[in-house]
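As structure tokens, the structure follows; a few thoughts come after it.
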Amino acid sequence: MKKYFAAIMIGFLSGCQQVVNNHPYLGISERSISSQHDSYSKRGPFDFTVSEKSIVSSTGCKLSYQEYTPIGTTQSQPQHDILPIVMVLHGLHRSAKNMTGYGEHLASKGLNTLVVNECSKGIWSKRFEHNHVSFLALSKHLDRPIIYVGFSGGGLAAFISASSDSNAVAFLGLDMGGWKDIGLEEMKSIKIPVAGIFGPPKLCNIKGRGAFLMSQKENAYVHYLPDSRHCHFENPYSHWCRFACGKGEINKDRHTLKKEIMKLTTAFVLWQSGVDPKGQALWANAHPLKSVDR
């Protein structure tokens with residue numbers, strides 16, 4: 001109970017801190033996100049179905065997921081079953097229900113999207129190992145190109161899987177966390193496009209460890225939203241999360257921040273899927289300005 005109240009107090013204090021204009025690990029400030037691209041944050045033209053599915057990996061973990069499948073096609077987009085699948089992974093101590101907004105939004109844009117539950121709830125080392133094996137098992141089962149999207153600790157797990165998955169075509173981290181030196185060598189050697197959207201270094205994103213990790217790759221694509229906090233990257237937004245991770249929202253309100261996160265996420269995924277090359281415009285020249293040691 002004492003730890004719980006301590007987390008709440010840390011969250012309130014972190015939410016009251018001033019905006020950090022330049023990210024200490026990425027070496028960048030906030031980039032302007034053009035209002036001309038607001039269509040990426042708006043619901044797309046497709047209806048979709050939602051189904052519950054699961055597989056069991058070689059570790060014995062039952063990996064459950066929600067599959068969001070678009071209905072129909074448009075003249076400008078090919079059949080959904082020949083496009084990459086987007087795999088969305090939630091954060092530590094969270095579940096797929098905290099990321100359903102991404103499944104709904106990306107499916108409305110015409111992309112088959114899976115929102116995945118981690119299958120291991122044990123200690124971190126075993127959780128990480130089991131989930132990594134299970135994500136690769138799911139990718140093999142799907143046998144389709146995969147765009148990995150992961151939030152917080154799920155971002156790190158998604159990145160490690162993407163770095164060793166021959167089906168992976170791109171990776172996007174949403175305020176990705178980090179742990180010790182996990183992923184460091186993979187970040188330096190990974191060949192697929194890598195991108196991240198980050199808030200300032202705080203307790204809930206392990207003091208910006210994921211941003212540090214991404215700073216090690218010069219051609220990574222990065223955006224920094226200094227007004228955001230960890231909870232803004234979940235969708236739907238959790239008020240309980242805010243108590244532990246802070247509110248932010250000093251110069252921008254919650255609606256604006258969540259709109260910008262969804263806009264950047266959608267633009268990157270549609271660009272990397274080949275559906276809409278114009279999505280690159282929001283990520284052009286968005287690279288880290290420095291690589292630092294820590």
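Entry comment: accessible area of the stretch 122-222 is 35 Å² per residue, from protein heavy atoms only and a probe of 1.4 Å.
Proximity of backbone amide H atoms, modeled 1.01 Å from N, is registered between Asp276 and Trp271 at under 5 Å, excluding neighbours fewer than 5 places apart on the same chain. Once backbone amide H atoms are built at 1.01 Å from N, Ala168 has Ile146 as its partners under 5 Å, excluding neighbours fewer than 5 places away on the same chain. Straight-line cross-link partners of Lys97 among the aspartates and glutamates, defined as a Cα under 15 Å from its Cα and at least 8 positions apart when in the same chain: Glu52, Glu67, Glu118, Glu234. Is there a pair in Lys109/Lys207; Lys191/Lys278; Lys191/Lys252 whose C-alpha atoms are over 32 Å apart, and which pairs would that be? Violating the 32 Å limit, Cα to Cα: Lys109/Lys207; Lys191/Lys252. Taking the 1.4 Å solvent-accessible surface of the stretch 198-288 as the whole, the part contributed by carbon and sulfur is 52%.
The values are calculated or read from the model by the stated rules, or taken from the named source; none is laboratory data. For clarity, every value in this text was computed on a predicted model and none was experimentally measured. The protein model used for the area step is the full one, side chains on, heavy atoms only, and it has no ligands, DNA or RNA in it. Shrake-Rupley method; radii C 1.70, N 1.55, O 1.52, S 1.80 Å.
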